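Written below as structure tokens is the structure these notes are about.
Values in this text are rule-based calculations from the coordinates and carry no lab data. Computed from a prediction, not measured in an experiment: that's the story for all the values here. So basically every Cβ, Gly included, is an ideal-geometry build from the backbone, and we count neighbours across all protein chains shown.
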């Protein structure tokens, strides 16, 4: 049976992935909430993104299931949100999830009153309960019962959640974070540092490029070789693992294990950009030749895999293809033997592959005879072990990469999310500009210039409004703080790499508009959304999430521009911004690494 719902007319690839669900999805908007109020139903809001593996899992096992859909449609008005297209909505309800569970992630699933107030939030739900994880088939009837019998309690809970979020958003300026806070941030990272494998957690393990850049800045500020070593070692261990695509370049979003071996396979533009920026920063201090390869492979991923015809960059490629999660990147032993040929022993010395496979299915934990390519030792150590020169070793690797990539290119490509987002493109411009300048790669700088030209022509209106999203030429959704701050910093990076003054002029216009739309003239700092798009609270944060903090980048931009164009008002706003988040930073300094990095580099 074929189904259709209200998402069929949307532009978002993520929403269109759910347009044929039997769930009667609505996009975010008045129509859905009016229906909920009219029919006296709660709202089920589900947010995710098109390249998210667990979003795909939930769509396949639950939202495509008529049995689950019948329950959802009977109990709720259902709303789907693309968190990349509408980060304003996602930020608010993710804050709810983190408040209630001390954790978050995607898919994000929230139960709301018809007024949009949340009374329960969680991430992935299976169809049926598994262990301690509640299933939709059990959860939905329970909520229907409570809505019918204990609604006052649910509404009171929602009001308390909203009140709590508003209270946490009240901040009075303190002192600019000083030596004690900076040292605490460093010690927190040092304590969590994985001495054997690099990185700052057990599993799952994320690249955390903002933390790497903080350590790099701290190494200068405190003359700390250990800080720089932690950053360098983390970057190099990541580049050996399966989290790096050793054939096509670039990094997958995160590793499911401590060892960087087995990733979730989506590739996000913001990850490539931030890792490239961190690599450039660290290379500028260490001149470690291994990092040149990381920079080249990451820049190649951005330019060759994510470029759009207009010069801007697409958002992401998916973990999933027709053959299943990660299949595009996995190899059978027979296939590898056929392609590697007489180099087989040397290949296996570097890449540990096995007959039964070295890749485990995420949900079952079983091996399926497929292998992911990761290096068990560095190419240099492999060359020493094999008794050949490093130059010969790299020649072998280039040949293997060419032959394997030619075969892989015959496979069905993972789905590409062709949304163009101003904030993520800003990060890419900054990364390509700074890395291109450091390695004298003019083609990278030229790619950054083309991207900026595309944003200027397509994403900025005649009255200076920067738009957040372009999809198939459809420009929509006026920008958020991150769009303005990230693109302003990109323009300043282009000025540094090209010497052209026009980029300073454009950045100044953009920052003035950013101040008009988002600045908190009472307390200082910047709200994420303009006043017209406030929900039940207006987020204002400085912590690093999946990307870096918009306020931290705004601080960097204000300080840079204040000197370039002699604007004391910019510096005053920057100093107030550095003070207003001091209370939150004092509680969790290692969650605010990009802002602290900016303070070290500019104010200490």
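Okay, here's what the table says:
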{"read-out": "Mean separation of Cα contacts under 8 Å, 6 or more apart, over the residue count of the chain: relative contact order %", "value": "13 percent"}
{"read-out": "By average C-beta atoms within 10 angstrom, highest first, the peptides 148-155, 234-241", "value": "234-241, 148-155"}
{"read-out": "Alpha-carbon centroid distance for the pair segment 163-231 / segment 257-325, whole angstrom", "value": "22 Å"}
{"read-out": "Distance (nanometres) between label positions extended 7 Å along Cα→Cβ at residue 284 and residue 505", "value": "2.7 nm"}
{"read-out": "Three-way shape call for segment 37-172 based on the alpha-carbon gyration tensor, with the a/c threshold at 1.5", "value": "oblate"}
{"read-out": "Where a label projected 7 Å from the Cα of residue 530 along Cα→Cβ would reach, residues of segment 479-493 with amide N under 18 Å", "value": "479-488"}
{"read-out": "For the chain, calculated [θ]222 nm from helices alone, where every DSSP H run of n ≥ 4 adds -39500 (n - 2.57)", "value": "-16000 deg cm²/dmol"}
{"read-out": "Rounded if a/c under 1.5, otherwise prolate or oblate - segment 407-483, Cα gyration tensor axes", "value": "oblate"}
{"read-out": "Theoretical gain in end-to-end length, residue 567 to residue 523 [0.36 nm per residue, Cα-Cα removed]", "value": "13.8 nm"}
{"read-out": "Cα coordinate range in the chain, projected on the principal axes (Å, largest first)", "value": "75, 62, 46"}
{"read-out": "Listed peptides 34-40, 309-315, 594-600, 224-230 by packing density, highest first (mean Cβ within 10 Å)", "value": "594-600, 309-315, 224-230, 34-40"}
{"read-out": "Theoretical gain in end-to-end length, residue 381 to residue 399 [0.36 nm per residue, Cα-Cα removed]", "value": "4.6 nm"}
{"read-out": "Pair-distance profile P(r), taking every C-alpha pair of segment 208-255, with 10 angstrom steps and integer %", "value": "27, 43, 24, 6"}
{"read-out": "Prolate/oblate/rounded call for segment 240-329, Cα gyration tensor, a/c under 1.5 rounded", "value": "oblate"}
{"read-out": "Relative packing of peptides 573-579, 484-490 - highest average C-beta neighbours within 10 Å first", "value": "484-490, 573-579"}
{"read-out": "Euclidean distance between Cα centres, segment 468-498 to segment 530-575, Å", "value": "14 Å"}
